[in-house]
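Asker: Quick one: the structure is below, and I'll ask about it shortly.
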Amino acid sequence: ARAAQSAATRAGMPVLMTECQVMEAHGYAAQHQARACSLALTRAEATYERATATDMPPWLDYFDEAYFAAKIAHCFRDLGRGEETEKYALLSLDMDPAYRRGKTFNISVLAMALASQGRIDEACAHGRTAVDMATGLTSSRVYRYIRDVFRTLAPYQAEPVVTEFMDHAEDRLPALRVRAERP
(Lines give C-alpha, C1' and ligand atoms only; values in the text may rest on other atoms or scores of the structure.)
Protein backbone atom coordinates (compact mmCIF):
# COMPACT_ATOMS: atom_id res chain seq x y z
CA ALA A 1 0.00 0.00 0.00
CA ARG A 2 2.85 2.37 0.77
CA ALA A 3 4.60 1.60 -2.52
CA ALA A 4 1.32 2.30 -4.30
CA GLN A 5 1.10 5.62 -2.45
CA SER A 6 4.50 6.59 -3.85
CA ALA A 7 3.26 5.85 -7.37
CA ALA A 8 0.04 7.81 -6.71
CA THR A 9 2.09 10.77 -5.49
CA ARG A 10 4.21 10.70 -8.66
CA ALA A 11 1.04 10.50 -10.77
CA GLY A 12 -0.50 13.44 -8.91
CA MET A 13 -3.84 11.67 -8.48
CA PRO A 14 -5.50 12.42 -5.12
CA VAL A 15 -8.27 9.85 -5.61
CA LEU A 16 -5.73 7.13 -6.35
CA MET A 17 -3.78 8.23 -3.27
CA THR A 18 -6.99 8.04 -1.24
CA GLU A 19 -7.56 4.47 -2.37
CA CYS A 20 -3.97 3.54 -1.50
CA GLN A 21 -4.30 5.11 1.95
CA VAL A 22 -7.56 3.22 2.55
CA MET A 23 -5.78 0.04 1.48
CA GLU A 24 -3.14 0.76 4.12
CA ALA A 25 -5.86 1.42 6.72
CA HIS A 26 -7.55 -1.86 5.85
CA GLY A 27 -4.27 -3.70 6.32
CA TYR A 28 -3.91 -2.20 9.79
CA ALA A 29 -7.52 -3.06 10.60
CA ALA A 30 -6.95 -6.68 9.56
CA GLN A 31 -4.05 -6.74 12.05
CA HIS A 32 -6.24 -5.09 14.73
CA GLN A 33 -3.96 -2.04 14.87
CA ALA A 34 -6.69 0.52 15.60
CA ARG A 35 -4.45 3.56 16.04
CA ALA A 36 -2.50 3.00 12.83
CA CYS A 37 -5.76 2.34 10.98
CA SER A 38 -7.27 5.55 12.32
CA LEU A 39 -4.24 7.58 11.24
CA ALA A 40 -4.33 6.10 7.74
CA LEU A 41 -8.08 6.83 7.48
CA THR A 42 -7.51 10.41 8.61
CA ARG A 43 -4.89 10.85 5.87
CA ALA A 44 -7.26 9.25 3.33
CA GLU A 45 -10.11 11.59 4.27
CA ALA A 46 -7.84 14.64 3.97
CA THR A 47 -6.59 13.48 0.59
CA TYR A 48 -10.10 12.75 -0.65
CA GLU A 49 -11.21 16.26 0.33
CA ARG A 50 -8.51 17.64 -2.00
CA ALA A 51 -9.67 15.49 -4.92
CA THR A 52 -11.95 16.97 -7.54
CA ALA A 53 -13.97 15.48 -10.36
CA THR A 54 -11.39 16.79 -12.82
CA ASP A 55 -8.69 14.78 -11.03
CA MET A 56 -10.62 11.56 -11.68
CA PRO A 57 -9.34 9.37 -14.50
CA PRO A 58 -12.10 7.27 -16.11
CA TRP A 59 -10.65 4.04 -14.73
CA LEU A 60 -11.20 5.36 -11.18
CA ASP A 61 -14.75 6.62 -11.67
CA TYR A 62 -16.09 3.93 -9.32
CA PHE A 63 -14.35 5.68 -6.42
CA ASP A 64 -17.02 7.97 -5.04
CA GLU A 65 -18.23 8.85 -1.55
CA ALA A 66 -20.28 5.63 -1.27
CA TYR A 67 -17.31 3.48 -2.28
CA PHE A 68 -15.05 5.36 0.14
CA ALA A 69 -17.61 4.87 2.93
CA ALA A 70 -17.74 1.15 2.16
CA LYS A 71 -13.98 0.86 2.51
CA ILE A 72 -14.11 2.68 5.85
CA ALA A 73 -16.97 0.42 7.02
CA HIS A 74 -14.86 -2.63 6.23
CA CYS A 75 -12.02 -1.24 8.34
CA PHE A 76 -14.29 -0.67 11.33
CA ARG A 77 -15.86 -4.11 10.85
CA ASP A 78 -12.41 -5.69 11.06
CA LEU A 79 -11.70 -3.68 14.21
CA GLY A 80 -14.97 -4.91 15.77
CA ARG A 81 -16.43 -1.40 16.09
CA GLY A 82 -20.12 -1.92 15.35
CA GLU A 83 -21.40 1.64 15.65
CA GLU A 84 -18.77 3.10 13.31
CA THR A 85 -19.26 0.20 10.92
CA GLU A 86 -22.99 0.89 10.84
CA LYS A 87 -22.46 4.62 10.19
CA TYR A 88 -20.24 4.07 7.17
CA ALA A 89 -22.12 1.03 5.89
CA LEU A 90 -25.28 3.15 5.75
CA LEU A 91 -23.42 5.81 3.75
CA SER A 92 -22.12 3.13 1.40
CA LEU A 93 -25.64 2.14 0.37
CA ASP A 94 -25.91 5.33 -1.69
CA MET A 95 -23.98 3.66 -4.47
CA ASP A 96 -24.70 3.09 -8.12
CA PRO A 97 -27.26 0.24 -8.28
CA ALA A 98 -25.32 -1.23 -11.20
CA TYR A 99 -22.75 -2.45 -8.67
CA ARG A 100 -25.05 -5.18 -7.33
CA ARG A 101 -22.25 -7.38 -6.02
CA GLY A 102 -20.63 -4.48 -4.15
CA LYS A 103 -23.94 -3.38 -2.72
CA THR A 104 -24.53 -6.94 -1.51
CA PHE A 105 -21.20 -6.76 0.33
CA ASN A 106 -22.15 -3.43 1.88
CA ILE A 107 -25.57 -4.59 3.03
CA SER A 108 -23.94 -7.68 4.54
CA VAL A 109 -21.46 -5.47 6.40
CA LEU A 110 -24.39 -3.41 7.70
CA ALA A 111 -26.14 -6.60 8.85
CA MET A 112 -22.96 -7.66 10.68
CA ALA A 113 -22.68 -4.25 12.35
CA LEU A 114 -26.27 -4.42 13.55
CA ALA A 115 -25.89 -8.02 14.78
CA SER A 116 -22.72 -7.09 16.68
CA GLN A 117 -24.78 -4.45 18.49
CA GLY A 118 -27.51 -6.98 19.39
CA ARG A 119 -29.99 -5.45 16.94
CA ILE A 120 -30.96 -8.81 15.50
CA ASP A 121 -34.29 -7.88 13.91
CA GLU A 122 -32.61 -5.17 11.84
CA ALA A 123 -29.61 -7.41 11.14
CA CYS A 124 -31.85 -10.18 9.84
CA ALA A 125 -33.86 -7.76 7.69
CA HIS A 126 -30.69 -6.45 6.05
CA GLY A 127 -29.28 -9.97 5.85
CA ARG A 128 -32.42 -11.03 4.00
CA THR A 129 -31.93 -8.15 1.55
CA ALA A 130 -28.33 -9.25 0.98
CA VAL A 131 -29.45 -12.82 0.36
CA ASP A 132 -32.10 -11.67 -2.10
CA MET A 133 -29.55 -9.53 -3.93
CA ALA A 134 -27.10 -12.44 -4.01
CA THR A 135 -29.58 -14.67 -5.81
CA GLY A 136 -28.16 -15.32 -9.24
CA LEU A 137 -24.65 -14.11 -8.37
CA THR A 138 -21.89 -16.68 -8.56
CA SER A 139 -19.39 -14.85 -6.39
CA SER A 140 -17.80 -16.96 -3.68
CA ARG A 141 -16.94 -13.72 -1.91
CA VAL A 142 -20.65 -12.81 -1.70
CA TYR A 143 -21.34 -16.18 -0.10
CA ARG A 144 -18.46 -15.61 2.34
CA TYR A 145 -19.98 -12.30 3.41
CA ILE A 146 -23.36 -13.92 3.98
CA ARG A 147 -21.70 -16.68 6.00
CA ASP A 148 -20.05 -13.91 8.03
CA VAL A 149 -23.52 -12.53 8.75
CA PHE A 150 -24.50 -16.02 10.00
CA ARG A 151 -21.45 -16.14 12.26
CA THR A 152 -22.25 -12.72 13.69
CA LEU A 153 -25.81 -13.87 14.38
CA ALA A 154 -24.67 -17.21 15.90
CA PRO A 155 -25.12 -16.04 19.53
CA TYR A 156 -28.80 -15.45 18.70
CA GLN A 157 -29.41 -18.66 16.74
CA ALA A 158 -32.27 -19.73 19.04
CA GLU A 159 -34.24 -16.57 18.18
CA PRO A 160 -37.06 -17.22 15.68
CA VAL A 161 -36.08 -14.23 13.52
CA VAL A 162 -32.57 -15.66 13.09
CA THR A 163 -33.90 -19.13 12.28
CA GLU A 164 -36.29 -17.62 9.73
CA PHE A 165 -33.46 -15.65 8.17
CA MET A 166 -31.23 -18.71 7.88
CA ASP A 167 -34.08 -20.78 6.41
CA HIS A 168 -34.74 -18.00 3.90
CA ALA A 169 -31.05 -17.91 2.98
CA GLU A 170 -30.97 -21.66 2.42
CA ASP A 171 -34.09 -21.54 0.30
CA ARG A 172 -32.76 -18.71 -1.88
CA LEU A 173 -29.10 -19.78 -1.97
CA PRO A 174 -28.92 -23.58 -1.65
CA ALA A 175 -25.17 -23.50 -2.33
CA LEU A 176 -24.67 -22.03 1.14
CA ARG A 177 -25.81 -25.25 2.83
CA VAL A 178 -26.82 -23.14 5.80
CA ARG A 179 -28.33 -25.89 7.95
CA ALA A 180 -25.21 -28.04 7.67
CA GLU A 181 -23.05 -25.13 8.78
CA ARG A 182 -25.18 -23.80 11.61
CA PRO A 183 -23.29 -23.61 14.88
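The values are calculated or read from the model by the stated rules, or taken from the named source; none is laboratory data. As the structure is a prediction and not an experimental result, all values here were calculated from the model. Methodologically, a virtual Cβ is constructed for each residue, glycine included, from the backbone with ideal geometry; neighbour enumeration extends over all protein chains shown. Ligands, DNA and RNA are stripped out before the accessible areas are found, and what is left, the full protein with its side chains, is counted by its heavy atoms. Shrake-Rupley method; radii C 1.70, N 1.55, O 1.52, S 1.80 Å.
Asker: What are the ³J(HN,Hα) couplings of the range 139-144, residue after residue, when phi is run through the Karplus curve with 6.51, -1.76, 1.60 and θ = phi - 60°? Round to Hz, x for glycine and proline.
Answerer: Once rounded to whole Hz, the list reads 7, 5, 5, 4, 5, 5.
Asker: A further question follows. For the range 61-164, what is the convex hull volume of the alpha-carbon atoms per residue, in Å³?
Answerer: Cα-based convex hull of the range 61-164, divided per residue, equals 88 Å³.
Asker: What percentages, rounded to whole numbers, describe P(r) for the range 109-169 computed over all alpha carbon pairs with 5 Å bin width beginning at zero?
Answerer: Answer for the range 109-169: a P(r) of 4, 23, 35, 24, 11, 4, 0 percent.
Asker: For A158 and A7 in one chain, what is 0.36 nm times their gap in residues minus the Cα-Cα distance, to one decimal in nm?
Answerer: 49.2 nm
Asker: What is the packing order of peptides 16-22, 100-106, 137-143, 79-85, taking the mean over residues of other C-beta atoms within 10 Å and listing the highest first?
Answerer: Going by the mean number of other Cβ atoms within 10 Å, highest first, we get 16-22, 100-106, 79-85, 137-143.
Asker: Given a 1.4 angstrom probe, I'd like the percentage of the accessible area of the chain that is carbon and sulfur, rounded to a whole number.
Answerer: That fraction is 52 percent.
Asker: How large are Rg and Dmax for the range 52-100 when calculated on the C-alpha trace, in angstrom?
Answerer: When restricted to the Cα atoms of the range 52-100, Rg and Dmax are 12.1, 36 Å.
Asker: Take A98 and E45, extend 7 Å from each Cα along the Cα→Cβ direction, and tell me the distance between the two endpoints in nm.
Answerer: 3.0 nm
Asker: I've got another one for you. Rounded to the nearest whole Å², what accessible area per residue is found for the range 7-73 with the 1.4 Å probe?
Answerer: 53 Å²
Asker: Write down the radius of gyration of the chain and its Dmax, each obtained from C-alpha positions, in Å.
Answerer: 17.4, 55
Asker: Moving to a separate point now. Would you mind computing, in nm to one decimal, how far apart the modelled labels at D121 and H32 are, each placed 7 Å from Cα along Cα→Cβ?
Answerer: Taking the two extended label points, one gets 3.3 nm.
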